[in-house]
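The values are calculated or read from the model by the stated rules, or taken from the named source; none is laboratory data. Since we're looking at a predicted model, the values are computed, not measured. Ideal geometry is used to build each Cβ from the backbone, glycine not excepted, and the neighbour counts take in all protein chains shown.
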Amino acid sequence: MAKKEFEAKMVRIHLSESDKWHDRPVHEAILAKCLELGIAGVTVYRGLEGFGTSARIHHSRSWPFSKDAPIMVSVIDTPLQVESLLPHLDSMVAEGIVAISDVHVVLFTASPR
């Protein structure tokens with residue numbers, strides 16, 4: 001078991017499940033772009049309820065049929081890698097919130113690299 005600690009950036013992108021970019025869900029497009037850019041880690045969360053700039057509550061009450069649930073994409077990587085992602089978000093996110101914060105990462109791996 002190996003443990004590594006370092007400073008990084010975390011980007012949280014808050015969207016609606018119904019948001020699209022080039023006829024595909026925005027969260028899927030962001031995930032694909034992060035993979036293409038070699039981003040270290042990305043997780044997509046589907047929320048129960050939430051609201052944002054529209055002040056309209058998005059929910060998944062009729063889940064699994066609802067396509068209006070809140071979505072959060074969480075990205076963690078070095079400041080340089082996060083900077084490479086931001087211009088792509090400018091074109092992909094038509095409505096939503098992008099929050100960027102400094103984080104202290106504690107990375108546990110099965111074997112040292």
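Taking the options LYS4, LYS33, name whichever one is at pLDDT 90 or above and surrounded by fewer than 14 Cβ atoms within 10 Å (Cβ to Cβ).
On the way: LYS33 fails: surrounded by fewer than 14 Cβ atoms within 10 Å (Cβ to Cβ).
Selected residue: LYS4, the only one of LYS4, LYS33 that is at pLDDT 90 or above and surrounded by fewer than 14 Cβ atoms within 10 Å (Cβ to Cβ).
Determine whether the stretch 49-62 contains at least one residue that is basic (Lys, Arg), surrounded by 10 or more Cβ atoms within 10 Å (Cβ to Cβ), in contact with a Ser or Thr (Cβ under 8 Å, 6 or more places away or on another chain) and modelled with pLDDT under 95.
The answer is no; no qualifying residue exists.
Within the stretch 1-46, track down each residue that is under 17 Å from VAL75 (Cβ atoms) and charged (D, E, K, R).
Step one: list which residues in the stretch 1-46 are under 17 Å from VAL75 (Cβ atoms), which gives 6-15, 19, 21, 25-46.
Scanning the stretch 1-46 gives GLU7, LYS9, ARG12, ASP19, GLU28, LYS33, GLU36, ARG46.
For the stretch 1-36, name all the residues that are part of a strand (DSSP E or B), basic (Lys, Arg) and either closer than 23 Å to GLU83 by Cα or free of Cβ contacts under 8 Å to residues at least 24 places away in the same chain (or both).
Quick first cut of the stretch 1-36, residues part of a strand (DSSP E or B) only: 2-16, 20-21, 24-25.
Now narrow it down to the ones that are basic (Lys, Arg): 3-4, 9, 12, 20, 24.
The answer is LYS4, LYS9, ARG12, LYS20, ARG24.
Please specify each residue of the stretch 75-99 satisfying the condition of being surrounded by 15 or more Cβ atoms within 10 Å (Cβ to Cβ), under 27 Å from GLY50 (Cα atoms) and at pLDDT 90 or above. Full working, then the answer.
Let us first name the residues in the stretch 75-99 that are surrounded by 15 or more Cβ atoms within 10 Å (Cβ to Cβ), namely 75-78, 81-82, 84-85, 88-89, 92-93, 96, 98.
Cutting the leftovers down to under 27 Å from GLY50 (Cα atoms) gives us 75-77, 82, 85, 88-89, 92-93, 96, 98.
Residues satisfying the conditions are VAL75, ILE76, ASP77, VAL82, LEU85, HIS88, LEU89, MET92, VAL93, VAL98.
Applying the selection to the stretch 36-48, what residues are modelled with pLDDT of 95 or more and either surrounded by fewer than 12 Cβ atoms within 10 Å (Cβ to Cβ) or over 10 Å from the mean Cα position of the chain (by Cα) (or both)?
GLU36, LEU37, GLY38, ILE39, THR43
Between a first residue in the stretch 83-101 that is part of a loop (DSSP other than H, G, I, E, B) and a second residue that is of a type in the set (Val, Ile, Thr), which pairs have beta carbons less than 7 Å apart while being 6 or more apart in sequence or on different chains?
VAL93/ILE13; VAL93/VAL26; GLU95/THR53; GLY96/ILE13
Residues to consider are SER66, SER18; find the one that is touching a Lys or Arg at 6+ places or on another chain (Cβ under 7 Å) and either polar (S, T, N, Q) or at pLDDT 90 or above (or both).
On the way: SER66 fails: touching a Lys or Arg at 6+ places or on another chain (Cβ under 7 Å).
The unique qualifying residue is SER18.
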